[in-house]
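The values are calculated or read from the model by the stated rules, or taken from the named source; none is laboratory data. Please read these numbers as outputs of a predicted model, since none were measured by experiment. Please note: Cβ atoms are built from the backbone with ideal geometry, for glycine as well, and neighbour counts cover all protein chains shown. Side chains included, ligands, DNA and RNA excluded: accessible areas come from the protein's heavy atoms. Shrake-Rupley method; radii C 1.70, N 1.55, O 1.52, S 1.80 Å.
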Amino acid sequence: MSDPALLRMRDVRKAFATPRGPVEILHSANLDIAQGDFAMMTGPSGSGKTTFLNLAGLLDRPTSGSLRFDGEEIAPLPEEALSALRKRKVGIVFQNFNLLTHRSALENVAFRFRYLDLPIHEARRHAREALDRVGLAALADQPARLLSGGEMQRVAIARAVAQRPDLLLADEPTGNLDRRASENVMETFRQLNSEGITIVLVTHNEALLASASRHLICEDGEIREATL
């Protein structure tokens, strides 16, 4: 029987070396994220949210404990296999967009395929489809520097989902946006979730919780479930 959890953490600890010795950011974290969840994580600055995202996004490994992604234990995987798994199954949206401002929206999304064995015309086709999914097909050739903040964030979302990831992670995706742009971005996330993409979104804005199916709180290095 397959594991019903897309992401499973059991007694996960994450510590970082400092001149004064190791500092533990997450300790004994236990969490299941099921396929199709739309979970939002809140918590004070420094509570471990970014560390959690790095682990969930397969950008880092736990110091100890079990981290399984799609039924596969992460710890024993060599770096090359971990990188390949991340590229195939995880999309990440950053608060500051991380776009190439002198390149078009289409080129920014197609950049997602730069390390894959895919002809350029195929990469561009997938990029156009992703832009269409976030409502920006008409702006495909527009340089990123000429887009609004909300449009830039939706380009970043299109880039993250261009390969149809199993898990989409977002770090404060509306933090730099005005109210209207935030609403447009959240509508995009809701649509993607309705299509079956699992989403975990980190935010300080609790007004966004109305879109979520789960509320997670990260505090003092621990993760707990809260009632919506």
**Request:** Might you report the magnitude of the Cβ-based charge dipole of the stretch 79-226 about its Cα centre, with Lys and Arg at +1 and Asp and Glu at -1, to the nearest 20 debye?
**Result:** 580
**Prompt:** Per residue, how much accessible area does the stretch 1-123 have with a 1.4 Å probe, in Å²?
**Reply:** 51
**Prompt:** Taking springs between alpha-carbon atoms closer than 10 angstrom, which of HIS204, HIS121, HIS102 fluctuates most in the Gaussian network model of the chain?
**Reply:** HIS121
**Message:** Between 0 and 90 degrees, rounded to the nearest ten: what's the tilt of helix 179-194 against the longest Cα principal axis of the chain?
**Reply:** 70
**Item:** Dipole magnitude of the stretch 1-102 about its Cα centre (Cβ charges: Lys, Arg +1; Asp, Glu -1), debye to nearest 20
**Value:** 240
**Message:** Given the -39500 (n - 2.57) contribution per DSSP H run of 4+ residues, what per-residue ellipticity at 222 nm results for the chain, rounded to the nearest 500 deg cm²/dmol?
**Reply:** -9000 deg cm²/dmol
**Request:** Please determine, in degrees from 0 to 90 and to the nearest 10, the orientation of helix 120-133 with respect to the longest principal axis defined by the Cα atoms of the chain, where the helix direction is its Cα long axis.
**Result:** 80
**Complete:** Under the 7 Å Cα-to-Cβ spin-label approximation, ARG190 and THR18 lie apart by a distance in nanometres of 4.2
**Separation of alpha-carbon centers, the stretch 158-211 and the stretch 43-58, rounded to whole Å** = 16
**Prompt:** If R0 is 25 Å, what FRET efficiency do you get for ASP11 and GLU219 from their C-beta distance, rounded to 0.05?
**Reply:** 0.90
**Fill in**
A convex hull over the alpha carbons of the stretch 41-173 yields, per residue, a volume in Å³ of 122
**Request:** Find how much the distance from GLU73 to TYR115 grows on full extension, using 0.36 nm per residue of separation minus their present alpha carbon separation; answer in nm with one decimal.
**Result:** 12.7 nm
**Message:** Just to be sure I follow: if Rg is taken over the C-alpha atoms of the stretch 122-175 and Rh is the Kirkwood radius over the same atoms, what is Rg/Rh?
**Reply:** 0.96
**Message:** Return the Rg/Rh ratio of the stretch 1-116 with Cα-based radii and a Kirkwood Rh.
**Reply:** 1.00
